[in-house]
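Novice: One structure follows; several queries about it will come next.
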Amino acid sequence: MGVTLPRKELFDIPEGMIYLDGNSLGPLPKVVPARVAEVISAEWGQQLIKGWNVSQWMQQPARVGNQVAKLIGAPDDSVVIGDTLSIKVFQALAAALKMRPERKVILSDNGNFPTDLYMAEGLIDTIGKDYELRVVDPESVIDAIDESVAVVMLTQVDYRSGRMHDMQQITQKAHQAGAVMLWDLAHSAGAVPLDLQASNCEFAVGCTYKYLNGGPGAPAFIYVRPDLMADVKPALAGWMGHDSPFAFEQNYRPAASIERMRVGTPPVMQVSALEAALSVWEGVDMQELRAASIALSERFISEVGARCPALTLASPRDPTVRGSQVSFAYEHGYAVMQALIDRQVIGDFRAPNLMRFGFTPLYIDVADVVAAVDVLEEIIEGRLWDDAKYRVAHAVT
Ligand SMILES: *Cc1c(COP(=O)(O)O)cnc(C)c1O
């Protein structure tokens, strides 16, 4: 197959901007504004309540779930869209715990994104009964999986360093120990090739506003292994997950399909934005994307290493255990990042000292990487970061 990347022409990125933050919020695909405007005017505006049937808003979360399934190696009808990722983590974790009622331990690692750990804490607080959240170093996870563990809950790619867990190996170990496996793919979906079906994990969840470019607040996705579908107990038993929502039965009866993981009314405009945004993946080969991502990241690491020696690589040097982002530690990282942003090179910052750069081959090429390092070098060499305006702390970093 021919090279199909990058496809910058599909994105609306401001002139002159080098956007290295698609791991945090993907840019706007050009098809989205017209599609969302159409949903607002032609569907909501003209069809009103009829839109649920005429425009099939009701089927949309499962339909878009199938689009996401293709990108993560999941079979049809195993993925559904809805709610925020925090809620999907809670829901999957609660369902996973119910599959091992005799076990009390949730195992995770301290590289996990805080909200995943908070949701686990909150769930334990709610259910009580001697549950324990056991958090170990990422490198120790594999050895910490034993027969006390009910659920292994991990984020595959570390949001700070980009370190990537071996999904196959850890899932296998979890299953050998009789534990249920829950993967958070927030920094994996659209970034690295995934084969969820082959991994055999029971649950996966992920984000659609990062590498999938669904827009700020785009709803999350959840995957349930097809053979478990009929037995999974959705902890958040909302009416949209009912087998027959419009029968308005007094008691909950889950849908037979993945739709049982739905909760309430879907955000139609936001899911429509996501549905349109996912069209940018048509014809993209994930292995080609991965190869391009590694080439970009490797180039960035070697350029920064050669030209900005004061910075320390905070990501794995080996690209096979790194996702699609690279972090560098620097004492004045926050100010440097503000100076970069001021010059239209957009990355982000994670406390205490990490500058984070995402490499998204759909719209970033080698020339962008080199141009970004030109600006970075200029800022470090000339101490251009050493300015009071770059020390102002913003709410979102
Ligand atoms: C981005 C991210 C989240 C965000 O959760 P929301 O509920 O969508 O705000 C959660 N977990 C991980 C691992 C993430 O990377």
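Novice: Pull out a ≥ b ≥ c, the square roots of the eigenvalues of the alpha-carbon gyration tensor of region 152-287, then state rounded if a/c is under 1.5, prolate if not and a/b is larger than b/c, and oblate in the remaining case.
Specialist: Oblate, because a/c is 1.5 or more while a/b does not exceed b/c.
Novice: Solvent-accessible area per residue for region 100-139 at a 1.4 Å probe radius, Å²?
Specialist: Computed with neighbouring chains in place, this is 54 Å² per residue.
Novice: What shape does region 75-196 have by the C-alpha gyration tensor, where a ≥ b ≥ c are the square roots of the eigenvalues, rounded means a/c under 1.5, and otherwise prolate means a/b greater than b/c and oblate the rest?
Specialist: rounded
Novice: Under a 1.4 Å probe, what is the accessible area of region 276-379 per residue, stated in Å²?
Specialist: Values: 3560 Å² over 104 residues.
Dividing the accessible area of region 276-379 by its residue count gives 34 Å².
Novice: Calculate I(q)/I(0) for the chain by the Debye formula, one identical point scatterer on each C-alpha and no solvent, and give its log10 at q = 0.06 Å⁻¹ to two decimals.
Specialist: For the chain, the Cα-only Debye profile gives -0.25.
Novice: Let me ask something additional. With a 1.4 Å probe and all protein chains left in place, how much of the accessible area of region 39-125 comes from carbon and sulfur atoms, in whole percent?
Specialist: Ligands and nucleic acids excluded, carbon and sulfur give 59 percent.
Novice: For region 235-383, what class follows from the C-alpha gyration tensor (a ≥ b ≥ c being the square roots of its eigenvalues): rounded when a/c is under 1.5, otherwise prolate if a/b is larger than b/c, else oblate?
Specialist: Taking the square roots of the gyration eigenvalues as a ≥ b ≥ c, region 235-383 is prolate.
Novice: How much accessible area per residue does region 29-85 have, counting only protein heavy atoms and a probe of 1.4 Å, in square angstrom?
Specialist: In whole numbers, region 29-85 has 50 Å² accessible per residue.
Novice: OK, next. First select every other residue whose beta carbon is under 11 angstrom from the beta carbon of Asp77; then total the charges, Lys and Arg +1, Asp and Glu -1.
Specialist: Neighbourhood net charge equals -1.
Novice: Oh, and also: Quick check: convex hull of the Cα atoms in region 1-61, volume per residue, rounded to a whole Å³?
Specialist: Dividing the Cα hull volume of region 1-61 by its residues yields 158 Å³.
Novice: Determine the share of region 247-316's accessible area contributed by carbon and sulfur atoms, expressed in whole percent, with a 1.4 angstrom probe.
Specialist: Solvent-exposed carbon and sulfur of region 247-316 make up 56 percent of the total.
Novice: I would also like to ask the following. Would you mind working out the magnitude of the charge dipole of the chain relative to its Cα centre, with +1 at each Lys and Arg C-beta and -1 at each Asp and Glu C-beta, to the nearest 20 Debye?
Specialist: 620
Novice: Now, a different point. Rounded to the nearest 0.05, what FRET efficiency do Ala393 and Lys50 have when you use their Cβ-Cβ distance and R0 = 51 Å?
Specialist: Approximately 0.55, to the nearest 0.05.
Novice: In nm, give the distance between the simple-model label positions of Arg7 and Glu282, each being 7 Å from the Cα along the Cα-to-Cβ direction.
Specialist: Here the answer is 0.8 nm between the modelled labels.
Novice: Going through the cross-link list Lys129/Lys210; Lys70/Lys129; Lys8/Lys210; Lys173/Lys233, which pairs have a Cα-Cα distance over 27 Å in this structure? Walk me through the numbers on the way to the answer.
Specialist: Values: Lys129/Lys210 36 Å; Lys70/Lys129 39 Å; Lys8/Lys210 17 Å; Lys173/Lys233 24 Å.
As for pairs spanning more than 27 Å Cα to Cα, those are Lys129/Lys210; Lys70/Lys129.
Novice: Of all the accessible heavy-atom surface of region 157-238, with the other protein chains kept in place and a 1.4 Å probe, what percent is carbon and sulfur?
Specialist: Its accessible area is 48 percent carbon and sulfur atoms.
Novice: Here's another thing I want to ask about it. Based on DSSP, what percent of beta bridges with both residues in the chain are antiparallel, to the nearest 5?
Specialist: Around 55 percent antiparallel, to the nearest 5.
The values are calculated or read from the model by the stated rules, or taken from the named source; none is laboratory data. All figures in this text were calculated on a predicted structure; none of them were measured in a lab. We place every Cβ from the backbone using ideal geometry, glycine too, and count neighbours over all the protein chains shown. Side chains are part of the model used for accessible areas, which takes the heavy atoms of the whole protein and leaves out ligands, DNA and RNA. Shrake-Rupley method; radii C 1.70, N 1.55, O 1.52, S 1.80 Å.
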